[in-house]
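Derivation of every value follows stated rules applied to the coordinates shown; laboratory data play no part. Source: prediction; values computed, not measured. Positions of Cβ are backbone-derived with ideal geometry, glycine not excepted, and every protein chain shown enters the neighbour counts.
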Amino acid sequence: MGIKGNISRTNFPLLPNTIANLYKDRWEIELFFKWIKQHLRIKSFYGTSENAVKTQIWVAISVYVLVAIIKKKLDLTESLYTILQIFSINLFNKVFINQVLNKNKNLNQNYCPDNQLFLFNF
């Protein structure tokens, strides 16, 4: 008898429901990583340690959530991907978010609301 002859289905230690749940959990993990690849645009990891990978994923998720909050607060119709593209092009420009997203084209450059914080004072 070959190898297959020695294995019987009744000797398998796990129940069918347990195996089904394991495959379901594995599928959810696969979907999570697919979502990461599609939405967070992580092309490569800058570090190889577990901490470096986790840090980069957390930063990417944080940016995604912040952009989603901006989209909701400013009631934008553009997709999150489009907003991220606009931000990536204007990353180092000193421009208000409303101007970058064309929400308020008439906003004066010298406009300073009371709660606006400045990173650099020029």
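See the values below:
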read-out	value
Approximate spin-label separation residue 68-residue 98, in nm, with each point projected 7 Å along Cα-to-Cβ	2.6 nm
Cut-off 14 Å between beta-carbons: net charge of the residues surrounding residue 61, Lys and Arg +1, Asp and Glu -1	+3
Of 73/94; 71/94; 37/94; 37/71, those spanning more than 23 Å from alpha-carbon to alpha-carbon	37/94
Fully extended contour minus Cα-Cα distance, from residue 45 to residue 21, at 0.36 nm per residue	5.6 nm
